[in-house]
Amino acid sequence: MKRKVFIVAATVSALLLAGCVTADDPVTAPSAVPSAATSASRQADGLLATHGLAGKNTVELIDHLDRLSIAERPTALTASVRSHELVISSGTHEYQLDIPDGQFYLSVAPYANQTHQCFHHSLTTCKGELAGQDVQVKIVDETNSKVLVDEARTTFDNGFVGFWLPQGITATLRITYDGKTGQTKIATGEQAPTCLTELRLT
């Protein structure tokens, strides 16, 4: 897994990675310094090892952290999913880990009564309304009508359910829960959100 590793100030990390991140809170990363890349990569590995995450690639990290129970979620680590990278922070340093080309992670928190705004999904702090609930999901690629997902899922303890999708597509997402259904269009482009919290079930 190739890693692009950047380091930014602690105050910036804390501001941008606390809670769910909206579209108005972009990360502006400095240019990578080749001579510092190896050291920064070791620091990122050290941060992951501190939290029992050593040896996991970016896809494994995302899957693992999104599925953790609320009680097990690390309080000294923040992790935010972007369209092409996972941003992790210790509170003092921030690192960016590449998501494999061609893949896009979308985390969805369907709701019935209350929700919140979100653009970049925070794996350690975002919470949705419907935790641990059985839902039926269908995702259809609008370009070729290919069914990408058609199955029952159980929402994670944070109220979200995550999907690995092809990059660069538009699709229709439909979720049914307890006799209620919500449907919306989604996209997986470079500037697309990785967090969907506005799918209301009616």
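The values are calculated or read from the model by the stated rules, or taken from the named source; none is laboratory data. Remember, predicted model here, so these are calculated numbers, not experimental data. A quick note on method: Cβ atoms are made from the backbone with ideal geometry, for glycine too, and the neighbour counts reach across all protein chains shown. The accessibility values were calculated without ligands, DNA or RNA, using every heavy atom of the protein model including side chains. Shrake-Rupley method; radii C 1.70, N 1.55, O 1.52, S 1.80 Å.
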- prompt: Assuming residue 83 fulfils every condition listed in (1) under 16 Å from residue 164 (Cβ atoms); (2) among the hydroxyl-bearing types (Ser, Thr, Tyr); (3) buried (at least 23 other Cβ atoms within 10 Å of the Cβ) apart from one, which condition is it?
  reply: (3)
- request: Could you please find all residues in the range 80-89 being touching a residue at least 60 places away in the same chain (Cβ under 8 Å) and closer than 15 Å to residue 49 by Cα?
  value: 89
message: Any residue that is farther than 16 Å from residue 194 by Cα, hydroxyl-bearing (Ser, Thr, Tyr), crowded, with 16+ Cβ neighbours inside 10 Å and touching a strand residue (DSSP E or B) at 6+ places or on another chain (Cβ under 7 Å) - is there at least one of those in the range 121-129?
response: no
task: Would you point out which residue out of 141, 150 is open to solvent by 20 Å² or more (accessible area, probe 1.4 Å) and over 19 Å from the mean Cα position of the chain (by Cα)?
output: 150
- prompt: Here are some conditions: (1) surrounded by 23 or more Cβ atoms within 10 Å (Cβ to Cβ); (2) at pLDDT 95 or above. Residue 100 meets all but one. Which one does it not meet?
  reply: (1)
- prompt: Which of the residues belonging to the range 36-80 are hydrophobic (A, V, I, L, M, F, W, C) and exposed (fewer than 15 other Cβ atoms within 10 Å of the Cβ)?
  reply: 36, 37, 49, 54, 70, 71, 76
message: Looking only at strands (runs of 3 or more DSSP E) that lie completely in the range 157-202, which have at least 2 residues being among the hydroxyl-bearing types (Ser, Thr, Tyr)?
response: 170-177, 180-187
field: Residues within the range 163-186 that are closer than 13 Å to residue 110 by Cβ and polar (S, T, N, Q), tallied
entry: 4
message: Among the residues in the range 155-174, are any aliphatic (A, V, I, L, M), crowded, with 21+ Cβ neighbours inside 10 Å and more than 19 Å from residue 61 (Cβ to Cβ)?
response: yes
query: Which residue out of 136, 114 is more than 21 Å from residue 62 (Cα to Cα), polar (S, T, N, Q) and in a loop (DSSP other than H, G, I, E, B)?
result: 114
